[in-house]
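Presented below is the structure to which this report refers.
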Amino acid sequence: TNVIGTFNMLEAARAYWTAEGRPEGFRFHHISTDEVFGSLGETGQFTETTPYDPRSPYSASKAGSDHLVRAWAETYGLPVVLTNCSNNYGPYHFPEKLVPVVILKALAGQPIPVYGDGGNVRDWLYVEDHADALLLVLEKGRVSRSYNIGGENEARNIDLVRTICAHMDEMNPAGAPHDRLITFVTDRPGHDRRYAIDPTRIRDELGWRPSVTVEEGLRRTVAWYLENRDWWQPLLERDGVGKR
């Protein structure tokens, strides 16, 4: 999807754009990730000029897709904009990702897995804030320019998990205290230690800032999952999911 899929999208967009006479308002918006920049130490943040340093097959393929988009802009003049975001969370988040895993494991009274020592740091971006930023970049971003989109909400994984457990204690008190379910498991291969986004460019050029704190966003997310079992339950019952 990241490499061949992006290539096919670029070629389809270029064919349409050319056939339509290269309309001035056309944009190809490529949405990428902060993982392409690699791993940070205790300090510093990723900017749009941070050198690419992907460290996993996934992030390498995302980096490849970013390079394809820039190549189509340079070679064919395709009007592109790019965004690199931090970790999204919120309603409709796929059940295999960290935030919904914690919520659903806590709800079921099952062990909550936390990789390594839980010290990996991510910047958490509420999905509705991200959607607002994407529309803004599409409408007002400069052609061939990239924009980093961050939530300004850095948190260690273990602290994030404990916050979710506290919300679960409040909203689903029958299972409290939920943090008793936290279980540390073997770290995953190529697990970058820290990501952090510097969103100065999108703030200064386009006037965007995140509006939802991680505390409020997690509260909304926990409430959504508790109220929408009909959406996530069938996904947990797919063939093969329980056998992993």
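Amide hydrogen proximity for VAL143: with H placed 1.01 Å from N in the peptide plane, no residue at 5 or more positions away or on another chain lies under 5 Å. Using helices alone, I'd like the mean residue ellipticity at 222 nm for the chain: each DSSP H run of four-plus residues gives -39500 (n - 2.57), total over residue count, nearest 500. Value at 222 nm, helices only, nearest 500: -13500 deg cm²/dmol.
Taking the chain as a Gaussian network of alpha-carbon nodes connected by springs under 10 Å, the highest mean-square fluctuation of the residues ARG145, ARG194, ARG229 belongs to ARG229.
Summed over the residues of the chain and divided among them, the accessible surface reaches 51 Å² per residue at a probe radius of 1.4 Å. Of the GluC sites (Glu not before Pro) found in the range 67-168, those in coil by DSSP whose Cβ has at most 15 other Cβ atoms within 10 Å are GLU96.
Share of carbon and sulfur in the accessible area of the chain stands at 51%, probe radius 1.4 Å. Spin-label model, GLU20 to SER144: label points 7 Å out along the Cα-to-beta-carbon direction sit 2.1 nm apart. Just so you know, the averaged projected area of the alpha carbon convex hull for the chain sits at 14.4 nm².
Sparse packing (at most 13 other Cβ atoms within 10 Å of the Cβ) combined with a DSSP loop state is found for the following GluC sites (Glu not before Pro) in the range 178-242: GLU237.
Straight-line cross-link partners of LYS140 among the aspartates and glutamates, defined as a Cα under 14 Å from its Cα and at least 8 positions apart when in the same chain: GLU24, ASP132, ASP204, GLU205. Largest GNM mean-square fluctuation among ASP204, ASP169, ASP192, using the chain with Cα springs under 10 Å: ASP204. Cα centroid separation, the range 64-123 to the range 171-186: 23 Å. Shape class for the range 119-244: prolate, because the ratio a/c of the largest to smallest gyration tensor axis (alpha-carbon atoms, square roots of eigenvalues) is 1.5 or more and a/b beats b/c.
The values are calculated or read from the model by the stated rules, or taken from the named source; none is laboratory data. These numbers were taken from a predicted model, which means no experiment stands behind them. Cβ: placed from backbone, ideal geometry, glycine included. Neighbour counts: every protein chain shown. Ligands, DNA and RNA are excluded from the accessible area calculation, which covers all protein heavy atoms including side chains. Shrake-Rupley method; radii C 1.70, N 1.55, O 1.52, S 1.80 Å.
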